[in-house]
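Novice: Handing you a structure now.
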Amino acid sequence: MNDPYTRFKAIAFDADDTLWHTENLFQDTQNKLASILERYAPRELVDEKLYETEKKNVELFGFGIKGFTLSMVETAIEISDGLITAYDIHAIIMQGKEMLSAPLVLMPNVEDVLTALGRRHNLYLITKGDMLDQNNKIEQSGLRHHFDITEIVSHKDSVTYQDIFKRMNVRPSEVMMIGNSVPSDVIPVIDIGGYGVHIPYETTAIHEQYKNDPTSDLFFRLNSILGVPALIRAIDGNS
């Protein structure tokens, strides 16, 4: 569905922490890891080492729970100078499994907003992470039928978005991308001439943190997904 009276041929959404909760699982599990390792190092050192390990491993494992679990195991071995017990390693692995099997919780009003937007626009789902894990979450969410396309990518950068939009035969200026991450969901889209909308989540992963907002007329921030339809109408009205 595409309304000829709107400038937007597509409204694109991030998934994790935009349509459903995810980062809280990582934060809870990181707290449990710190408890296991407290005999070896203070919390601040554990967090710092885990971040360094994740950053190093992301090129090999990508983003997602499996890579996070492997990074936790590596962090535990290095923090403990190899003294971590098999029992504790097993506990860390089980924490990763618990994350993978945790129930998925949608953000408020997501279903209603997607239904409303789908009457006037093509909807895209563009998410980053492990293919199997992300596909499982999409199926569990029950939201797949709302989207004309779903894309699971290893990185979100301008080249990735440009390629997706080109394959979908839309210009970046005809797309609004909505997500909780300024570095991943907003800046790369604005850089190629699209609209970027930031809806902050309650916590932000370290690798998604940033210093300054984009200085662009194409950048917007909303408190919740409920504000998206009104924002689209306002932009269309000013066109």
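Taken together, the values in this text are just the output of simple stated rules run on the coordinates, not laboratory data. Small disclaimer: the values here were computed from a predicted structure and weren't measured. Quick reminder, even Gly has a Cβ in these numbers, built from the backbone with ideal geometry, and neighbours come from all protein chains shown.
Novice: Using mean Cβ contacts within 10 Å as the protection proxy, how do 223-230, 15-22, 147-154 order, highest first?
Specialist: 15-22, 147-154, 223-230
Novice: Using only the Cα atoms, what convex hull volume per residue in Å³ does the range 82-169 have?
Specialist: Measuring per residue, one finds 135 Å³ for the Cα hull of the range 82-169.
Novice: Tell me the angle of helix 43-61 to the major Cα principal axis of the chain, expressed in degrees between 0 and 90 and rounded to the nearest ten.
Specialist: Between the helix axis and the principal axis of the chain, the angle is about 60 degrees.
Novice: Once you place label points 7 Å from the Cα toward the Cβ at LEU83 and ILE192, how far apart are they in nm?
Specialist: 5.1
Novice: With just the Cα atoms defining each centre, how far is the range 3-43 from the range 64-104? Give it in Å.
Specialist: Measuring centre to centre over Cα atoms gives 18 Å.
Novice: In the structure shown, do any of LYS32/LYS97; LYS49/LYS211; LYS32/LYS211; LYS32/LYS137 have a Cα-Cα gap over 19 Å, and if so which?
Specialist: LYS49/LYS211; LYS32/LYS211; LYS32/LYS137
Novice: Counting Lys and Arg as +1 and Asp and Glu as -1, what is the net charge of the other residues whose Cβ lies under 13 Å from the Cβ of ILE190?
Specialist: With Lys, Arg at +1 and Asp, Glu at -1, the neighbours total -3.
Novice: Ok, one more. Can you give me the orientation-averaged projected area of the convex hull built on the Cα atoms of the range 73-120, in nm²?
Specialist: The number I arrive at for the range 73-120 is 5.4 nm².
Novice: Okay, moving on. Using the beta-carbon distance between ALA116 and ASN212 and R0 = 45 Å, what value does 1/(1 + (r/R0)^6) give for FRET efficiency, to the nearest 0.05?
Specialist: FRET efficiency, ALA116 to ASN212: 0.85.
Novice: Next question, about the same structure. Starting from the Cα of ASN223, step 7 Å along the direction of its Cβ; do the same at ARG39; then give the gap between the two resulting points in nm.
Specialist: Placing both labels 7 Å beyond Cα along the Cβ direction yields 4.8 nm.
Novice: Right, another one. In degrees from 0 to 90, rounded to the nearest 10, what is the angle of the helix 228-238 Cα long axis to the longest principal axis of the chain?
Specialist: The helix 228-238 is inclined about 40 degrees to the chain.
Novice: Within 10 Å of each candidate Cβ there may be at most 14 other Cβ atoms; applying that plus a DSSP loop requirement, which trypsin sites (Lys or Arg not before Pro) in the range 61-138 survive?
Specialist: Of the trypsin sites (Lys or Arg not before Pro), the ones in loops of the range 61-138 whose Cβ has at most 14 other Cβ atoms within 10 Å are ARG119.
Novice: Using the count of nearby Cβ atoms within 10 Å as a rough guide to exposure, how do LEU60, LEU231, LEU33 rank from fewest to most?
Specialist: Ordered from fewest to most neighbouring Cβ atoms within 10 Å, LEU60, LEU231, LEU33 come out as LEU60, LEU231, LEU33.
Novice: On C-alpha positions alone, give me the angle between the axis of helix 65-79 and the longest principal axis of the chain, in degrees, nearest 10.
Specialist: Between the helix axis and the principal axis of the chain, the angle is about 30 degrees.
Novice: Ok, one more. As a test of understanding, state the convex hull volume per residue of the range 145-233 from its alpha carbons, in Å³.
Specialist: For the range 145-233, the hull spanned by Cα atoms encloses 121 Å³ per residue.
Novice: Now, a different point. List the pair-distance distribution P(r) of the chain, using every Cα-Cα distance, as the percent of pairs falling in each 5 Å bin from 0 up to the bin containing the longest distance, rounded to whole percents.
Specialist: 1, 6, 14, 17, 18, 15, 10, 8, 6, 3, 2, 1, 0
Novice: Normalise the Cα radius of gyration of the range 1-79 by 2.2 N^0.38 Å (N = residues in it) and let me know the number.
Specialist: 1.57
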